[in-house]
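Here the structure is laid out as structure tokens; the discussion comes afterwards.
Throughout, read-outs are computed from the coordinates displayed, never taken from laboratory work. Bear in mind the structure is a predicted one, so any value in this text is a computation, not a measurement. Cβ placement follows ideal geometry from the backbone for every residue including glycine, while neighbour counts extend to all protein chains displayed.
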């Protein structure tokens, strides 16, 4: 079978989606080399050279696909929003045209970026359906975003040959919200990024680079409201006022419209001097920040699949994480769970990690073990089984 992979917007600035895709790409050649299938990797021109150098194999072709312009996006939006328009407008989008030109029989949308649902069999990767669970957050509701998400998810997911999610919690959401038939949902746990499992020792001076001159907590998260910076700041304030512990809080990530509010909130709570805003950080900086932090404080409201706790575990950083649906399935007993809406609960967990050596040691040991349970190679091997399963079906038409 001839299988297409669409990697989407392959840029580090996109956050966790990039980490996931980049990690699979690093391991893809290892799986493809021993496969009976042929592969076509579809990517935007900006990523063509990078990907072509990583997957130089006789059964792999790398094909650049022009990034859709605004008129094309409008047309796709109309197709998702209107059943009548879908019936009348049959011209395929750029991704489908490229796939058909190279005889792709099954297309896997590896990342989370989608513009169109092709009229050929495809696999959809799903990270979250939080617009359904928590529609009040502005990043999934305002300016028509909720309607767009719902239109895309409702059509794209239902048409997929398979939907791939990382947890049983994600599977239940697909069944409940979009009535996807259970046999068409495959659960494959997210892999711990290889770059973290095999990270080299970093020589970065965090004091010189970021002004981090004492014990600190680390939270790598783009500045969306659902990342819950406010309740973490309140927990920081409680630790200072009630326990005399004045930790720094290092926040990395790009501004998604909420950074100014977070800054003003921290100032209003009197802890502005304890916070370092790092912006986008490089891989080497990220490794150093994990390794030297007293804890990762991953207090997001969104789930069920998240990568930062796995990254932290791989680098020996204890994890305090939100008890969102699916978290226990993903991390087991390797993290301390908290109610993300309760600053007192968050502060209590942080206090235990930074002041109790036994708690810290237990989390580090359990984290090392958990992080090594699932790798990108294992993820792709599970996907290979899925591809083989569909090949038996796909051989029934030209």
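Points to keep in mind about this one:
- For the chain, the Stokes-Einstein estimate of translational diffusion at 20 °C and a viscosity of 1.002 mPa s comes to 96 µm²/s, using the Kirkwood hydrodynamic radius over alpha-carbon pairs.
- From helices alone, the chain scores -14000 deg cm²/dmol at 222 nm; the rule is -39500 (n - 2.57) for each run of n ≥ 4 DSSP H residues, then divide by the residue total.
- Modelled spin-label separation between residue 134 and residue 85, with each label point placed 7 Å from Cα along the Cα-to-Cβ direction: 3.0 nm.
- Helix 259-268 axis, angle to the chain major axis (alpha carbon atoms, nearest 10°): 20 degrees
- Ellipsoid fit via the Cα gyration tensor, segment 195-371: semi-axes of 22, 19, 17 Å, each the root of five times an eigenvalue, largest first.
- Among 375, 201, 300, the ranking by other beta carbons within 10 Å of each residue's beta carbon, starting with the fewest, stands as 201, 375, 300.
- Working from Cα pairs under 8 Å separated by at least six residues, relative contact order for the chain is 15 percent.
- Exposure proxy ranking, count of Cβ atoms within 10 Å, fewest first, for 142, 202: 142, 202
- Exposure proxy shown here: for 88, 247, the number of other Cβ atoms within 10 Å sets the order, fewest to most, as 88, 247.
- Angle in degrees between helix 70-81 and the longest Cα principal axis of the chain, rounded to the nearest 10: 90 degrees
- Normalised contact order of segment 195-371, rounded percent, pairs of Cα under 8 Å and 6 or more residues apart: 24 percent
- Angle of helix 16-32 to the longest C-alpha principal axis of the chain, folded into 0 to 90 degrees and rounded to 10: 50°.
- C-alpha center-to-center spacing [segment 119-147, segment 166-215] in angstrom: 18 Å
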